[in-house]
Amino acid sequence: MEMCIVKWNNKEVLELLHKEKISSFIIEICKTQDIDGQCLLSFVDRDFYDYPFDQLKLGERKRFILLVKKLQRNNRSAMYELGLYDDHTSNNPATNINFVGTNLSHLSYNLHNQLQNELYARNTECISNFTPDVKASKLKPEVWKTAIALGYVFLVTWVTAVVMVIVHDKVPDMKKYPPLPDLFLDNVPHIPWAFDMCEITGSFLMAIWLVVLFFHKHRFIILRRFFALAGTVFLLRCFTMLITSLSVPGSHLKCEPRFYPPADDLTVWGRRLRQAYDIWSGAGMSVRGVRTCGDYMFSGHTVALTLLNFFITEYTSRSLYLLHILTWVMNMFGIFFILAAHEHYSIDVFIAFYITSRLFLYYHTLSNNQALMQSDSSRTRIWFPLLSFFESEVDGIVPNEYEGPMEIVINLKQWLVQLVLDVKASSVARVAGSKLQEGAAMGEYSMVRLVDGIKRNISIMEEYKNSRQRLATLDKNVQAGHDLPEADLRHGKIAELTNDALFRDFSKPPSPAIKKNI
């Protein structure tokens, strides 16, 4: 019986899987991969987790593992004949079954020494299996967070424009403070058109980034990250520009502080805000006619080039290495053009590249490893408040998944339809709420009217009861022939009956008509 499984073909293996009620997905895999009896006996643990079994659910994988282990335990001699089972290792305390080159415990594979240490260690601890490519399980677009990030970067860029106007008015006198010694600027001649080439290079990088962003499935998440990082770096740049005013790096630059004619502070600040708007609307680019001085530490153009390069390489497939090489070359050439134009000191460019790259790596390291954020959440919220807020619903690495043009159009159409339905639902809810309020008000008014009516009816019934009692007393007195005081006659509302009429005939009681009138 032990050697029978060695002779099994694929059809007999499939019959066994059907008999043991193994998942149809596993049966299809065994059919397409031509798994026979010898293949089942030669299974090792890595086979259960590698392709094509890597997509199995946990229950399906465990049931299949138990079946294979049972077959291997019952066919040790056949495995020994096939060279899969080394008999002298059967006394291994780590596991009852050991194969050449691998430990076949279904708990893990290639961890023989670790299993022994775990079994015989005095203090055992829970060891979590870390996989370097843990993709996020929930990726909500959260468009409202992206809108907040967009507002944040707009605010920061406006503050940066205002600060650039202020530092331009504080630029040191070029005659009194000549350019500082610089290793690169002192050895590379000035190239007049280099700065324009830097901005053209940045425009190409921006075009590539927009294309990647358009086709990426999780565009709102990465766009939110781009806004958060760009806003943070430029906000930091505002402080470095204000703290220290460096001298102009090149004698070719015509930089002088602006002097305003005598006017009140409101007028001066109005002119400054107008200049800040020109800088902000022109994105700080010289090709758009923006020329500023004093904003040297650190280079904003280097920040833009580096951010675009890092985001393109991060959110495109690793197989597009030519694109990644191109973006890195454009990044480095852009930095070279900045220095060749003598628009910044070398330290400006170096600090800009270092700060931008470090913040990018810190942000993505923390966002990709949520366990680190959760274990030290208080410090993360203090030092990285934007990260804690924007990445609260992202629990892993954002996969590079893309959508075709038709899929984008369909998703956009579905989003618009859902938006219209939500607006209609909200309007219907408002109308229903107003109608409900009106109905409640009318119901309350009706209830008050009803209570008043009940009170009036009760008072009428009480008055009627009292009147009947007085009438019965009057009738008895009339029949008994007692004299009735005139006040009682008036109180009983029988003023139309005189005393003579009442006592005209004592032998007959009052007629029903008289009682009715009374």
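Annotation: of all residues in the stretch 159-208 being free of Cβ contacts under 8 Å to residues at least 12 places away in the same chain and polar (S, T, N, Q), the one that is nearest to Ile347 (Cα to Cα) is Asn187.
Got at least one residue in the stretch 352-359 being part of a loop (DSSP other than H, G, I, E, B), in contact (Cβ under 8 Å) with a residue 40 or more places away in the chain and more than 30 Å from Pro178 (Cα to Cα)? Let's see the steps before the verdict.
At the first step, the residues of the stretch 352-359 found to be part of a loop (DSSP other than H, G, I, E, B) are none.
Among the residues of the stretch 352-359, not one is part of a loop (DSSP other than H, G, I, E, B), in contact (Cβ under 8 Å) with a residue 40 or more places away in the chain and more than 30 Å from Pro178 (Cα to Cα), which makes the answer no.
Hey, any hits in the stretch 397-406 for a residue that's at pLDDT below 80 and either charged (D, E, K, R) or under 17 Å from Ile221 (Cβ atoms) (or both)? No; the residues of the stretch 397-406 include none that is at pLDDT below 80 and either charged (D, E, K, R) or under 17 Å from Ile221 (Cβ atoms) (or both).
Residues in the stretch 201-218: is at least one open to solvent by 70 Å² or more (accessible area, probe 1.4 Å) and closer than 21 Å to Phe336 by Cα? Scanning the stretch 201-218 turns up at least one residue that is open to solvent by 70 Å² or more (accessible area, probe 1.4 Å) and closer than 21 Å to Phe336 by Cα. Every condition in (1) within 24 Å of Arg288 (Cβ to Cβ); (2) assigned to a loop (DSSP other than H, G, I, E, B); (3) open to solvent by 50 Å² or more (accessible area, probe 1.4 Å) is met by Ile191 except one, and the failing one is (3). Are any of the residues in the stretch 292-300 within 32 Å of the chain's Cα centre (by Cα) and of a type outside the set (Ser, Thr, Tyr)? Looking for residues that are within 32 Å of the chain's Cα centre (by Cα) and of a type outside the set (Ser, Thr, Tyr), one finds at least one in the stretch 292-300, hence yes. Answer yes if at least one residue in the stretch 239-254 is charged (D, E, K, R) and either at pLDDT 95 or above or touching a helix residue (DSSP H, G or I) at 6+ places or on another chain (Cβ under 9 Å) (or both), and no otherwise. No. Look through Leu242, Leu236 and report the one residue that is in contact (Cβ under 8 Å) with a residue 40 or more places away in the chain, open to solvent by 40 Å² or more (accessible area, probe 1.4 Å), part of a helix (DSSP H, G or I) and more than 30 Å from Val329 (Cα to Cα). From the options Leu242, Leu236, the qualifying one is Leu242. For the stretch 268-296, filtering for residues that are in contact with a Gly (Cβ under 9 Å, 6 or more places away or on another chain), on the phi < 0 side of the Ramachandran plot and free of Cβ contacts under 8 Å to residues at least 24 places away in the same chain leaves 4. Here Ile355 passes the criteria (1) under 22 Å from Ile200 (Cβ atoms); (2) crowded, with 16+ Cβ neighbours inside 10 Å; (3) aliphatic (A, V, I, L, M) except the one numbered (1). Within the stretch 313-335, the set of residues being open to solvent by 10 Å² or more (accessible area, probe 1.4 Å) and in contact (Cβ under 8 Å) with a residue 12 or more places away in the chain comprises Thr313, Glu314, Ser317, Leu323, His324, Trp328, Met330, Phe333, Ile335. Can you tell me which residue among Glu444, Glu438, Glu496 is touching a helix residue (DSSP H, G or I) at 6+ places or on another chain (Cβ under 8 Å), modelled with pLDDT under 75, open to solvent by 80 Å² or more (accessible area, probe 1.4 Å) and of a type in the set (D, E, K, R)? Every option except Glu496 fails the conditions. Among the residues making up the stretch 209-222, a single one is within 20 Å of Gly300 (Cβ to Cβ) and either more than 32 Å from the chain's Cα centre (by Cα) or touching a residue at least 12 places away in the same chain (Cβ under 8 Å) (or both): Trp209.
The values are calculated or read from the model by the stated rules, or taken from the named source; none is laboratory data. Being a predicted model, the structure only gives us computed values, none of them experimental. Virtual Cβ from ideal backbone geometry, glycine too; neighbours counted across all protein chains shown. All accessible areas refer to the heavy atoms of the entire protein, side chains included, with ligands and DNA or RNA removed. Shrake-Rupley method; radii C 1.70, N 1.55, O 1.52, S 1.80 Å.
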